[in-house]
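Data block below; observations after.
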Amino acid sequence: MSDNNQPVLDIRAVSGGYGDINILEDVDLKVHAGEVVVIVGPNGAGKSTLMKAAFGLVQVNAGEVLLSGEKITNISPDRLVHKGMSYVPQERNVFPTMSVQENLELGAYIRKDDARAQMDRIFDLFPKLKERRKQAAGLMSGGERQMVAMGRALMIEPTLLMLDEPTAGLAPAYVHQVFDWIRAINDQGVSILMVEQNAKQALRIANRGYVLATGRNRHEDTGERLLADPEIADMFLGGR
Amino acid sequence: MEFLQLTYNGLVLGSILALGAIGVTMIFGVLRFAHFAHGDLMTVGAYVALTFVHWLAWPIWLAALPAIAVTSILAVVLDQLFYRRLRRVAPVILLISSFATALMLRALVQIIWGPDNQVYATGISIPYRIAGLVITPDSLKVLGATALMVVVVHLFLAHTKMGKSMRAMSDNVDLARISGVPVKRVIFWTWVFAGALTAVAGILLGVDTRLIPTMGWNILLPIFAAAILGGVGRPYGAVLGGLIIGLAMNYSVLFMPSAYKLAVAFIIMIAVLILRPQGLLKGISL
Ligand SMILES: Nc1ncnc2c1ncn2[C@@H]1O[C@H](COP(=O)(O)OP(=O)(O)OP(=O)(O)O)[C@@H](O)[C@H]1O
Ligand SMILES: [Mg+2]
């Protein structure tokens, strides 16, 4: 971390996909320390695929991925966790039959030290989880499950947290809350990369945003400027 | 009175089924793999214990220890030798290979220990009679050992890091992997643990009845029925499923010839698969 300009995550000219066919074509993306970066774009644009490519879940066929300057292209997820990277998938992101507390414990699997202090911090962020810590995660509401999912990912005290559509399927009241949490997590120094369908709201809390379409970079700018651009608003943010 | 006796006998059989079903359900949970050689692994466990009982005149509980060790190691070896290599291929190949393994194990048992009936202890032990109920000392051993094992399984799954990792993999393999759970190590210990349970189940089956090379194979169907009824991947469900299947098989003699006991387990299994495939405790969807 000697070089302050070095991005936490640096995706350079990445092409990749699920088989021989590349879903992603020559995609670039950076997350600087302390930033919230949002990826928006139409369905099937490759947003989730890009995140998976960074996390070693999708084959990168060309280009490279760097984590704080270290090359991590095609490194498996269980090793990336040790490097301070955490990922919350779009779906199936909790252990449904396990209690809230056990979900958090599993998030801390790789920690050799006592993770209780971190669990307490997560309970401070999500007091509801403390109340419900004995309850099975699968029996909770969508919003509560999202708390569990984020809490699990935070247990390693990641430097980079990747969230794939954290507000998907949530009631509007909760959507607002999720963005508050993300800001609170970011305030604690965690860099955040997220994919969001609620693009306008997400761009409002983002430092920068990327518009992805058909597996390629279309636009990249600060959240504010992307929001202000009428063409982007028309094409990707569902009008103004 | 007959009903009471059938209930008791049903619980004894159900205990053995439960122990077998816990192993089957854990292996399925962690590996998504219906292990058809499970019954024959039970047989091996039972016969290894027999060797120590006959040659060294060890009491059965002591002979259980080397039997557990041998069966666990054998389970790991089978996984490393056959199943591990086939995991990436189509699941049906894995299934067929476990059938083949079952045949191999059975043949091995016949070669080493011979095809004839054998028992751990000869002579007749005098049963207790309580309120018209006939309770053999052997059946008490089965119930006691099962209760002990269920407590061990519970403590392991609820309170150890490895046990929790196994439950996590049953719940969501991908999420376990991205949380940094060492998947291969968990698979290894799943075979060790399931192997140990399998040995105990086999020994208890031998204690309750007698040893023949087909003993485990013959009981495989009700064990799978128990695992499915309880909810695949749910160890507590397997216990519940085992007891229910054991009771149902015994109660069935009130209505039909006892030769149809196995058919009862089969019918329950099919009915569950059609009507409630997730089982009683909402297991993995099949
Ligand atoms: N597991 C997979 N195997 C093969 N192709 C896939 C797989 N997952 C996604 N794809 C394909 O990759 C492309 C991009 O999908 P991706 O999930 O990355 O889109 P997305 O931008 O996240 O869309 P959404 O907004 O619907 O989540 C799509 O054409 C999709 O069909
Ligand atoms: Mg997506």
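The values are calculated or read from the model by the stated rules, or taken from the named source; none is laboratory data. Please read all numbers here as calculations on a predicted model, not as lab measurements. Here the Cβ positions follow ideal geometry from the backbone for every residue, glycine too, while neighbour counts run over all protein chains shown.
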(message) Just the residues that are among the β-branched types (Val, Ile, Thr) and within 16 Å of ligand 2 (Cβ to nearest atom), please, taken from region A:197-231.
(response) A:Val211, A:Thr214
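Would you point out which residue out of A:Lys47, A:Lys112 is within 16 Å of ligand 2 (Cβ to nearest atom) and among the basic types (Lys, Arg)?
Numbers: A:Lys112 fails: within 16 Å of ligand 2 (Cβ to nearest atom).
That would be A:Lys47, the only listed residue that is within 16 Å of ligand 2 (Cβ to nearest atom) and among the basic types (Lys, Arg).
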(message) Can you find a residue that is surrounded by fewer than 20 Cβ atoms within 10 Å (Cβ to Cβ), at negative phi and more than 14 Å from every other protein chain (Cβ to nearest Cβ) anywhere in region B:168-179?
(response) no
(request) Considering only region B:220-236, state which residues are surrounded by 24 or more Cβ atoms within 10 Å (Cβ to Cβ) and either among the aliphatic types (A, V, I, L, M) or closer than 15 Å to B:Leu273 by Cα (or both). (result) B:Pro222, B:Ile223, B:Phe224, B:Ala225, B:Ala226, B:Ala227, B:Ile228, B:Leu229, B:Gly230, B:Gly231, B:Val232, B:Gly233
(message) So B:Asp40 ticks every box in (1) farther than 23 Å from B:Gly144 by Cβ; (2) more than 16 Å from the chain's Cα centre (by Cα) but one. Which box is left unticked?
(response) (2)
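Looking at region A:185-240, what helices (runs of 4 or more DSSP H) fall wholly within it and have at least 2 residues that are among the hydrophobic types (A, V, I, L, M, F, W, C), assigned by TED's automatic domain parsing to the domain that holds A:Asp164 and over 15 Å from the mean Cα position of the chain (by Cα)?
On the way: elements: A:199-205, A:223-228, A:230-236.
In region A:185-240, A:223-228, A:230-236 are the helices (runs of 4 or more DSSP H) which contain 2 or more residues that are among the hydrophobic types (A, V, I, L, M, F, W, C), assigned by TED's automatic domain parsing to the domain that holds A:Asp164 and over 15 Å from the mean Cα position of the chain (by Cα).
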(request) Sort out which residues of region A:138-155 are at pLDDT 95 or above and of a type outside the set (Lys, Arg), and write them in order of number. (result) A:Val148, A:Ala149, A:Met150, A:Gly151, A:Ala153, A:Leu154, A:Met155
(message) Can you say whether B:Leu62 is modelled with pLDDT of 95 or more and closer than 21 Å to B:Val153 by Cβ, as far as the supplied structure shows?
(response) no
(message) Against the condition in contact (Cβ under 8 Å) with a residue 40 or more places away in the chain and of a type outside the set (A, V, I, L, M), how does A:Ser86 come out, does it pass?
(response) yes
(request) Give A:Met162, A:Met147 a once-over and let me know the one that is part of a strand (DSSP E or B) and either at negative phi or surrounded by fewer than 19 Cβ atoms within 10 Å (Cβ to Cβ) (or both). (result) A:Met162
(message) Please go through region A:159-196 and give me each residue that is in contact (Cβ under 8 Å) with a residue 60 or more places away in the chain and within 16 Å of ligand 2 (Cβ to nearest atom), ordered by number.
(response) A:Met162, A:Leu163, A:Asp164, A:Glu165, A:Pro166, A:Ala168, A:Leu193, A:Met194, A:Val195, A:Glu196
(message) Checking the structure you have, find out if any residue of region A:155-171 is within 16 Å of ligand 1 (Cβ to nearest atom) and of a type in the set (Asp, Glu).
(response) yes
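So which residues in region A:1-18 are assigned to a strand (DSSP E or B) and touching a Ser or Thr at 6+ places or on another chain (Cβ under 7 Å)?
We begin by selecting, within region A:1-18, every residue assigned to a strand (DSSP E or B); these are A:9-17.
A:Gly17 - this is the single residue of region A:1-18 that is assigned to a strand (DSSP E or B) and touching a Ser or Thr at 6+ places or on another chain (Cβ under 7 Å).
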(message) Show me the strands (runs of 3 or more DSSP E) entirely contained within region A:19-130 in which 2 or more residues are out of contact with any Leu (no Cβ under 8 Å at 6 or more places or on another chain) and among the small types (Gly, Ala, Ser).
(response) A:59-67
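Within the group B:Phe188, B:Phe193, which residue is in contact (Cβ under 8 Å) with a residue 40 or more places away in the chain and either surrounded by fewer than 18 Cβ atoms within 10 Å (Cβ to Cβ) or within 11 Å of chain A (Cβ to nearest Cβ) (or both)? So that I can check it myself, show each step before the final result.
On the way: B:Phe193 fails: either surrounded by fewer than 18 Cβ atoms within 10 Å (Cβ to Cβ) or within 11 Å of chain A (Cβ to nearest Cβ) (or both).
Just a single option satisfies the conditions, and that option is B:Phe188.
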